[in-house]
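I have placed the structure first, in the form of structure tokens, so that the comments after it can refer back to it.
The values are calculated or read from the model by the stated rules, or taken from the named source; none is laboratory data. Only a predicted model underlies this, so the values are computations on that prediction, with no experimental measurement involved. All Cβ positions, even for glycine, are placed from backbone atoms using ideal geometry, and neighbour counts span all protein chains on display.
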């Protein structure tokens, strides 16, 4: 066996140098690429965060709410052992964007100082699918949309919009369900003051195994104080975001003063003008609607007498609440029992009559 001589060493040395330089160049490019990805990722999330806080301002809450939800969600995910980088990034983005669909909900429902009606709640529920559909237009490199679409699903299957249950619900949505509930309860809202930590945690525990994943709740109870103690970075452009919140919560100016009383025997045209002014100002009454209708009828049919009867629940009678025309004075305030005379029969039988004798109502021969 022969050992390599000096000539062989001289021949190999340039190859080693070239290989070293090549590896160094590749490593440098990879490092630059990684820094670029990190910079773009940071810019991307900063943009999402700013837009998301603007959306939250429309909901009448402070911009800190969404950032606290984000911090709690990431901290809780790590405490639960979620290690997949894409899942963590998806939870991070979804925590910021889960209420995007509230842009489609009227502000009087979002900020209502009381319990929503059944119809209002149905409108509120639409924000989940609306938000998920909006975000579907963005090509996220991680599963944000499934989390957003499922963040109001319940562990026992009673949630919306799909009625998912248990582990059918993405872990990110199960985490959001707990932390969003807790932070909402401990924040001031238009319809109530913030609850204490103890009061809020009692409600969260009541939802364990029903609305919320038991394991997620138990872990949150164990670590939420540690997560809460972490200092949040200041919100960029806080003053601009505060202006949005102030604009949303600003009291509405009172409607312009309009004439509220007018004599019943005033000319029909004047009654119509006053009624129209009330409609425009948002203060329209039944009498205003009736006045506008009769004014229009009088232009079509000259010398018309018109009366509007309303059923009085207390007496069970029909009462003429509005009347215009030549015989209006005789009709105003008239009371007719259900089934009696002409109008009483029409109301009782729910059938129309045309070209009948008005004397049947006036009891004139």
Residue, farthest from residue 359 (Cα to Cα), within the stretch 316-333, restricted to residues that are modelled with pLDDT of 80 or more and in a loop (DSSP other than H, G, I, E, B)
316
Check whether at least one residue in the stretch 137-154 is more than 21 Å from residue 74 (Cα to Cα) and touching a residue at least 24 places away in the same chain (Cβ under 8 Å), and report yes or no.
no
Here is a list of conditions, (1) free of Cβ contacts under 8 Å to residues at least 24 places away in the same chain; (2) buried (at least 21 other Cβ atoms within 10 Å of the Cβ), and residue 182 meets all of them except one; can you say which number that is?
(1)
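Residues checked against (1) at pLDDT below 60; (2) closer than 21 Å to residue 82 by Cβ; (3) outside the structural domain of residue 172 (by TED's automatic domain parsing); (4) part of a helix (DSSP H, G or I):
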| position | (1), (2), (3), (4) |
| --- | --- |
| 219 | no, yes, no, yes |
| 226 | no, yes, no, yes |
| 231 | no, no, no, no |
| 234 | yes, no, no, no |
| 242 | yes, no, no, yes |
| 245 | yes, no, no, yes |
Would you mind stating whether residue 343 is crowded, with 16+ Cβ neighbours inside 10 Å and either under 14 Å from residue 360 (Cα atoms) or in contact with a helix residue (DSSP H, G or I) (Cβ under 9 Å, 6 or more places away or on another chain) (or both)?
yes
Please verify whether residue 284 is modelled with pLDDT under 70, in contact with a helix residue (DSSP H, G or I) (Cβ under 6 Å, 6 or more places away or on another chain) and part of a loop (DSSP other than H, G, I, E, B), treating the condition exactly as stated.
yes
Looking at the stretch 185-194 only, could you name the residues that are crowded, with 17+ Cβ neighbours inside 10 Å and over 18 Å from the mean Cα position of the chain (by Cα)?
186
